[in-house]
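As structure tokens, the structure follows; a few thoughts come after it.
The values are calculated or read from the model by the stated rules, or taken from the named source; none is laboratory data. Quick caveat, the model's predicted, so the values are computed rather than measured. Heads up, the Cβs are rebuilt from the backbone with ideal geometry, glycines too, and the neighbour counts pull from every protein chain shown.
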Amino acid sequence: MIKGRITKLVLRVAELLGQAARDSSKGEGPAHLQIGRAGEDAAYFYLREQGYVMVARNFRSQRHRGEIDLIGWDSDVLCFIEVKTRSERGLVPAEMAVDGPKRNLICSTARDYLRRIKQKPAIRFDVISLYFHRQNDLPDITLFKNAFPMS
């Protein structure tokens, strides 16, 4: 009982420290990168509210140039999550940016992540699209579970 409370406290403190570090870096870099960072933060907390247990952010492989935005457990399924953020809705939805080449890159990077795990879990590729319509409003978030298969 006490171990669980301590673990929760440590995780919350780490989360707050990470948020503080991200907040201090806001305002740096191009606007599209700032929006992307804000989208990844919003997606992270949204997924936590949905019951995901997040285990990695911005995972990069030494073998590939790709990056997986978020990795987390949804029950007993390991999910590799691509986050697409836009400041406004356009003719093409944000999730459509996860095209064939992008999917291949995500799958290759996921394979590298899976090499680190002894027991191979069930996996899934999810996509989250976020739209920030105004600066201070909460984003519109759509989660696409099992958006594409391993290629």
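What are the residues in segment 49-78 that are in a loop (DSSP other than H, G, I, E, B) and under 21 Å from Leu105 (Cβ atoms), if any?
First, the residues of segment 49-78 that are in a loop (DSSP other than H, G, I, E, B): 50-52, 61-66, 75-76.
Residues satisfying the conditions are Ser61, Gln62, Arg63, His64, Arg65, Gly66.
When you check Phe125 against the structure, is it within 15 Å of the chain's Cα centre (by Cα), closer than 14 Å to Ser151 by Cβ, surrounded by 14 or more Cβ atoms within 10 Å (Cβ to Cβ) and not charged (D, E, K, R), yes or no? So Phe125 passes the test.
Applying the criterion of being modelled with pLDDT under 95 and in contact with a strand residue (DSSP E or B) (Cβ under 8 Å, 6 or more places away or on another chain) to the residues of segment 62-84, the residue that is surrounded by the fewest Cβ atoms within 10 Å (Cβ to Cβ) is Glu67.
Of all the residues that make up segment 102-151, how many are part of a loop (DSSP other than H, G, I, E, B) and within 18 Å of Ala42 (Cβ to Cβ)? Outline the logic, then answer.
Kept after step one, since they are part of a loop (DSSP other than H, G, I, E, B), are these residues of segment 102-151: 115-121, 132-139, 149-151.
Subset that is within 18 Å of Ala42 (Cβ to Cβ): 132-139.
Number satisfying all stated conditions: 8.
Annotation: of all residues in segment 34-51 being more than 11 Å from the chain's Cα centre (by Cα) and without any contact (Cβ under 8 Å) to a residue 60 or more places away in the chain, the one that is nearest to Tyr131 (Cα to Cα) is Gln34.
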